[in-house]
Amino acid sequence: MDGAQHGFIAQHAWEGKIYSGGWTDGEHGAGRIMAPGDDSLVASVGQASAADVVRAAAAARAAQPGWEATPAHERARILNEAADILQRNGEELIPWIIRETGSIPPKAGIEIEHSAGFLRAAAAAAVEPAGRLVPSQDGRHEELLRVPHGVVAVISPFNFPLILSIRAIAAALATGNAVVHKPDPRTPITGGIIIARIFEEAGLPKDLLHIVPGAADVGAALCEDPNIAMVSFTGSPEIGAKVGEACGRNLKRVQLELGGKNALIIMDDADFTAAAANAAWGTWLHQGQICMATGLILAPAAIADKLAEELAVKAGRLPVGNPASDQCALGPLISEHEATRISGIVDDAVAKGARLLAGGTPQGRMFPATVLADVTPEMRAFREEIFGPVAVVVAYDNDDHAVELANMSDYGLAAGIIGQDLGRARAVGNRLRVGHLHINDQTVMASPFAPFGGRGRSGNGTRISGPAIWEEFTQWVWVTTRPQAVVYPF
């Protein structure tokens, strides 16, 4: 399962390179990408510098007006062709995703299929009307047009690197922008090389997409460069705040999609089996390394212990291993540093009175499915985004108490509610400060047709996908026309 046995992603074309006007050397040479599952070498990928960003942004700005003038149906055709190419080559690409990101095979398959869906949704958006007429007060013909910003920088994370890169890249291209993209330095193949290859094959004109893997200096250069008009960032609140600060200082538009501490509320009339299954899936999918992961499981006090015990049984049935070689339900965390950080959160909870019912002790990057019961608000496990496979079970007294606990978070991304009385569940949900609300479902959900984003530490109120494509990646221009010029009194 080395991922290099087929032709589409053949290493000889791109190994040690960045993608900027074609495959070329980056100023910082090449970096070794190691598999989190076994520390083996996946490949070497080119490393860009701030100077590479300057050149890429200038080339993108020069190419963008021609792309903006390209008929919308042609932009849509290229995006749809990119989706076809991605799906046709999925069998070859999935092993690369597994090795580089630590994904189990089904999650890697989701990356292919959902990314193709985002490409097709962006293609459909490209041909939507980009303007409208407005009433005139004095006989002028007046219209409003949506026009692209110019060059959009995309900065993406490691957890779903293909999806979380392509959804912004596709949206920017669909609306007539050029793109300079920095993937996470730990996942530049899934988050960058694959994307460059599909658009290269789809016939995207030169210099409209640049892939510049690199370190923090590359991200900083994207925020500072005058040829870049917008930054779309997905990642941690801490880095997102720095991106927002730099973009504000440079008067750039910025779209921030950050973390989450997402509550799943189990109502007292919920089907117990379904509730436990939703809690397990939302918490442990991809080792909990998802911004939408279920971070708090709020259960009625009468069943909280029973639910925690059932989750502990489920945890014991989920083997952890290297998805590239083992049959496992959970793969590795992205780094040992993350395992150490998560262990600290678990230890803090236990020290303050929580009960550890399963897991809790990693072996290197391998962190087993973990269950904490009797968690209370003074514990880090209650407050912090864990970004790991830890089920946090919290007891509540009544509906008002559940809402109070869920809204204690500084985050505001997603929430789920499991219950048979839909009216009551919706009434509870309407009181939650979130961007996504799911009735009778867990918290890990996304759609290319729905605006994605949250409140507070989950983002700056902007959205991505669905109608947010035009809202975020273009701006209004007001155009008025008279049949002929009038003579003003001055």
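The values are calculated or read from the model by the stated rules, or taken from the named source; none is laboratory data. In this text, all values refer to a predicted model and were calculated from it rather than measured experimentally. When we count neighbours, we look across all protein chains shown, and the Cβ atoms used for this are built from the backbone with ideal geometry, even at glycine.
Numbers below:
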read-out: Residue satisfying condition, being farther than 22 Å from S44 by Cα and assigned by TED's automatic domain parsing to the domain that holds A116, within set G192, G240, G214, G219; value: G240
read-out: Test result for A69, in contact (Cβ under 8 Å) with a residue 40 or more places away in the chain and of a type outside the set (D, E, K, R); value: no
read-out: Criterion: of a type in the set (D, E) and without any contact (Cβ under 8 Å) to a residue 24 or more places away in the chain - qualifying residue of D269, D347; value: D347
read-out: Among residues of region 251-297, those that are more than 30 Å from V231 (Cα to Cα) and in contact with an Asp or Glu (Cβ under 8 Å, 6 or more places away or on another chain), counted; value: 5
read-out: Single residue of E471, E404 found to be part of a helix (DSSP H, G or I) and within 30 Å of D138 (Cα to Cα); value: E471
read-out: Condition check for A351: over 24 Å from the mean Cα position of the chain (by Cα) and hydrophobic (A, V, I, L, M, F, W, C); value: yes
read-out: Odd one out for G423 among (1) part of a helix (DSSP H, G or I); (2) touching a residue at least 60 places away in the same chain (Cβ under 8 Å); value: (2)
read-out: Residues satisfying the stated conditions in region 20-77, i.e. assigned to a loop (DSSP other than H, G, I, E, B), surrounded by 15 or more Cβ atoms within 10 Å (Cβ to Cβ) and small (G, A, S); value: S20, G26, A35, G37, A48, S49
read-out: Test: residue in region 426-435 that is outside the structural domain of W284 (by TED's automatic domain parsing), under 18 Å from the mean Cα position of the chain (by Cα) and closer than 21 Å to G117 by Cβ; value: no
read-out: Count of residues meeting criterion [more than 15 Å from the chain's Cα centre (by Cα) and farther than 16 Å from V42 by Cβ] in region 173-189; value: 8
read-out: Identity of the residue in region 430-466, touching a residue at least 40 places away in the same chain (Cβ under 8 Å) and not in a loop (DSSP other than H, G, I, E, B), that ends up surrounded by the fewest Cβ atoms within 10 Å (Cβ to Cβ); value: R455
read-out: Hey, L173 of a type in the set (A, V, I, L, M, F, W, C), under 16 Å from I85 (Cβ atoms), touching a residue at least 40 places away in the same chain (Cβ under 8 Å) and part of a loop (DSSP other than H, G, I, E, B) or not; value: no
read-out: Selection from region 111-133 of residues that are out of contact with any Lys or Arg (no Cβ under 7 Å at 6 or more places or on another chain), among the hydrophobic types (A, V, I, L, M, F, W, C) and in contact (Cβ under 8 Å) with a residue 24 or more places away in the chain; value: I112, A116, L119, A121, A122, A123, A124, A125, V127
read-out: Residue in region 149-157 that is assigned by TED's automatic domain parsing to the domain that holds S232 and more than 27 Å from G66 (Cβ to Cβ) present; value: yes
read-out: Counted residues, region 382-397 - those being out of contact with any strand residue (DSSP E or B) (no Cβ under 6 Å at 6 or more places or on another chain) and among the aromatic types (F, W, Y); value: 2
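Matching residues to (1) buried (at least 24 other Cβ atoms within 10 Å of the Cβ); (2) in a helix (DSSP H, G or I); (3) of a type in the set (D, E, K, R):
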position	(1), (2), (3)
I97	yes, yes, no
E100	yes, yes, yes
R120	no, yes, yes
A123	no, yes, no
P129	no, no, no
G139	no, no, no
R146	no, no, yes
H181	yes, no, no
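Yes/no per residue for (1) touching a Phe, Trp or Tyr at 6+ places or on another chain (Cβ under 8 Å); (2) surrounded by fewer than 24 Cβ atoms within 10 Å (Cβ to Cβ); (3) not hydroxyl-bearing (S, T, Y):
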{"position": "K261", "(1), (2), (3)": "yes, no, yes"}
{"position": "L264", "(1), (2), (3)": "no, no, yes"}
{"position": "D268", "(1), (2), (3)": "no, yes, yes"}
{"position": "F272", "(1), (2), (3)": "no, yes, yes"}
{"position": "A279", "(1), (2), (3)": "no, no, yes"}
{"position": "G282", "(1), (2), (3)": "no, no, yes"}
{"position": "Q287", "(1), (2), (3)": "yes, no, yes"}
{"position": "L296", "(1), (2), (3)": "yes, no, yes"}
{"position": "I303", "(1), (2), (3)": "yes, yes, yes"}
